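Reviewing the structure listed below.
The values are calculated or read from the model by the stated rules, or taken from the named source; none is laboratory data. As the structure is a prediction and not an experimental result, all values here were calculated from the model. Glycine gets a Cβ as well: all are built from the backbone with ideal geometry, and neighbour counts include every protein chain shown.
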Amino acid sequence: MNTYIKAHWDGTLPLWKTYWVNGILARLAAMAIGALVGGMLGATGTFLSEQAWGILSPFLVMPVTVWSLVGVWRAGRTYTLANPQKKFWCWGRLARFLVVVGIIRSVLELAALLM
């Protein structure tokens, strides 16, 4: 498992796997776990625990998001360098563009949460 996590971080996994499995599914799973825990806290009816989870959950999901975005960014670069003149060279650049969009979205969500 550690080698898989490191391979993603280094950008050496295939771009499709990095983007769809680690980029999309891993973040969705982290958000689902956060929602599940938040729902369980909400079911207890304690306002303080709901508030605390609302503040803490983004910081627990953030490491998965950073790992995901860095891996996709690096895999996009690896893909683009490996396929400079093939007809699918644009996928690496598109993946990197979507990482920038993801960073902007994450920062805006965090700012909205903290305000």
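Quick notes
- Residue satisfying all of: in the range 67-83; modelled with pLDDT of 90 or more and hydrophobic (A, V, I, L, M, F, W, C); surrounded by the fewest Cβ atoms within 10 Å (Cβ to Cβ) among these: 70
- Residue 25 being within 11 Å of the chain's Cα centre (by Cα), in a helix (DSSP H, G or I) and modelled with pLDDT of 85 or more: yes
- Taken as a whole, the range 52-60 holds no residue that is part of a helix (DSSP H, G or I) and within 25 Å of residue 12 (Cα to Cα).
- Of all residues in the range 89-113 being of a type in the set (A, V, I, L, M) and under 16 Å from residue 23 (Cβ atoms), the one that is modelled with the lowest pLDDT: 103
- Close pairs from the range 103-115: first farther than 13 Å from residue 62 by Cβ, partner in a loop (DSSP other than H, G, I, E, B) and hydrophobic (A, V, I, L, M, F, W, C), Cβ under 8 Å, at least 6 apart: none
- Condition check for residue 86 on (1) surrounded by fewer than 17 Cβ atoms within 10 Å (Cβ to Cβ); (2) modelled with pLDDT under 75; (3) in a helix (DSSP H, G or I): one failure, at (3).
- Cβ-Cβ under 9 Å pairs, at least 6 apart or on other chains, the range 1-18 side surrounded by fewer than 18 Cβ atoms within 10 Å (Cβ to Cβ), far side not in a helix (DSSP H, G or I): 4/13; 6/12; 7/13
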